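Engineer: Mind looking over this structure? Questions follow.
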Amino acid sequence: MSKTILLVDDNQDTLDTLEIFLYKDYEIITAVNGFEGLKKAEDESPDLIMADITMPVMDGIRFFNQISKNEQILHIPIIAVTAFDRDITKNSLLNMGFRAVVSKPFDKQTIKAAVNDALGISGDKNDSVRKAKDKL
């Protein structure tokens, strides 16, 4: 059975791109804001969440904090997706507890490496995981 990833982003193009990168290897669930994402996380209990930081209704930081307070789902690793490509931003998000940070625009290798690393999947993909971490 494949692992499930919840993608949370208000930009449909970003959701589509991430889904295209990941759908062959994972079951994909999508949400268009943090509030909807929180509900889907509670209902579906995905193996991983990728959440945009800047969203209406409930932004990625508030979403992360709500997940962290919910014992039912706080174990789910969360990857931050952001347009902010500064080291200080990435370091702040990692220090908050995000498993990884990927910056837009992103490429398929970086996304797959971050996802595989967050899910603890190793093997032939170790080199691409290291390369993705080096970019952070």
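Engineer: Could you pull out every residue, at least 5 positions away or on a different chain, whose amide H is within less than 5 Å of the one on residue 30? Hs are placed 1.01 Å off N in the peptide plane, and Pro or chain starts have none.
Structural biologist: 7
Engineer: Let me ask something else about it. Rank these for me by crowding, 62, 86, going from fewest to most other beta carbons within 10 Å.
Structural biologist: 86, 62
Engineer: Separate question: Just one of [x] 222; [y] 161; [z] 97 is volume of the Cα convex hull per residue in Å³ calculated from these coordinates, so which is it?
Structural biologist: Given [x] 222; [y] 161; [z] 97, the calculated one carries the label [z].
Engineer: Give the long-range amide H neighbours of residue 55: residues separated by 5 or more places, or on another chain, with amide H under 5 Å away, using H modelled in the peptide plane at 1.01 Å from N.
Structural biologist: Distant-sequence amide H within range of residue 55: 60.
Engineer: Find the lysine pairs in region 5-114 meeting two conditions, Cα atoms under 27 Å apart and a separation of 8 or more places or different chains, and report how many there are.
Structural biologist: Total qualifying Lys-Lys pairs in region 5-114 comes to 19.
Engineer: With 10 angstrom as the radius, rank 52, 13, 85, 117 by how many other C-beta atoms surround their C-beta, starting from the fewest.
Structural biologist: Least crowded to most crowded, the residues run 13, 85, 117, 52.
Engineer: So how do 101, 57, 81 line up by other beta-carbon neighbours within 10 Å, fewest first? Can you show the working numbers first?
Structural biologist: Working: 101 22, 57 13, 81 27.
In order of increasing Cβ crowding within 10 Å: 57, 101, 81.
Each reported figure results from applying straightforward, stated rules to the coordinates on display, with no laboratory input. From a predicted model like this one, the values you see are computed outputs, not experimental measurements. Because the Cβ atoms are built from the backbone with ideal geometry, glycine has one as well, and the counts that use them run over all protein chains shown.
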